1. Consider T48 carefully, then state whether it is modelled with pLDDT of 80 or more and among the hydroxyl-bearing types (S, T, Y).
2. Considering (1) part of a loop (DSSP other than H, G, I, E, B); (2) under 27 Å from V7 (Cα atoms), say which one W35 fails and leave the rest.
3. Looking only at segment 106-125, how many residues end up being surrounded by 14 or more Cβ atoms within 10 Å (Cβ to Cβ) and of a type in the set (G, A, S)?
4. Does D68 count as modelled with pLDDT of 90 or more, surrounded by fewer than 12 Cβ atoms within 10 Å (Cβ to Cβ), at negative phi and part of a helix (DSSP H, G or I)?
5. Need the failing condition index for K29 against (1) on the phi > 0 side of the Ramachandran plot; (2) surrounded by 13 or more Cβ atoms within 10 Å (Cβ to Cβ); (3) at pLDDT 90 or above, just the number.
6. Pairs, please: C-beta under 8 Å, at least 6 apart or cross-chain, first residue over 14 Å from L57 (Cβ atoms) and in segment 79-108, second outside any strand (DSSP E or B) and of a type in the set (S, T, N, Q)?
Amino acid sequence: MEQFYDVNIKGEINEEGRLEELWGADAVKNAIIMWLTSYRSDYLRSPTKGGYLTSHLYKKMSSSTQEDMYDSIVDGFNQEFDFVELVNLQVTPNYDNNFWSIFVEVYIPFLDSTVEISENIRNLV
């Protein structure tokens, strides 16, 4: 039986003094957050993995950048997360505070579970 495992992206420690371990849908959610917020080379053994949004964060916030970010996320999911189904994706600019709100909903068929993720990512221009 296949199982999904990860350690908490924030490095939180559990009551035993060890890194918090995540299993199942929580591990998948954690991996997606790491992937969304990563830069190229953040993955030590896979330097080309991640960073799908990095180049867009150095562009002026606009509807064309918004579309490019959306397409990059869809492309990345097709390449990196082929074991989940992308149910809903929203990329919304917050011009006043200079960040992108990203909402992702995925279905994990193997676990028969749905995960929702909301992240705010600062634009760097």
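The values are calculated or read from the model by the stated rules, or taken from the named source; none is laboratory data. As the structure is a prediction and not an experimental result, all values here were calculated from the model. Cβ placement follows ideal geometry from the backbone for every residue including glycine, while neighbour counts extend to all protein chains displayed.
1. Working: modelled with pLDDT of 80 or more: no; among the hydroxyl-bearing types (S, T, Y): yes.
No.
2. In the conditions (1) part of a loop (DSSP other than H, G, I, E, B); (2) under 27 Å from V7 (Cα atoms), W35 misses (1) alone.
3. 1
4. Considered against the rule, which asks whether it is modelled with pLDDT of 90 or more, surrounded by fewer than 12 Cβ atoms within 10 Å (Cβ to Cβ), at negative phi and part of a helix (DSSP H, G or I), D68 comes out as no.
5. Of everything listed in (1) on the phi > 0 side of the Ramachandran plot; (2) surrounded by 13 or more Cβ atoms within 10 Å (Cβ to Cβ); (3) at pLDDT 90 or above, K29 misses just condition (1).
6. Filtered contacts from segment 79-108: T92/Q66.
One line per residue, one yes/no per condition, for (1) at pLDDT 95 or above; (2) under 17 Å from D26 (Cα atoms); (3) among the aromatic types (F, W, Y); (4) surrounded by 12 or more Cβ atoms within 10 Å (Cβ to Cβ):
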{"position": "D75", "(1), (2), (3), (4)": "no, no, no, no"}
{"position": "L89", "(1), (2), (3), (4)": "yes, no, no, yes"}
{"position": "N97", "(1), (2), (3), (4)": "yes, no, no, no"}
{"position": "V104", "(1), (2), (3), (4)": "yes, yes, no, yes"}
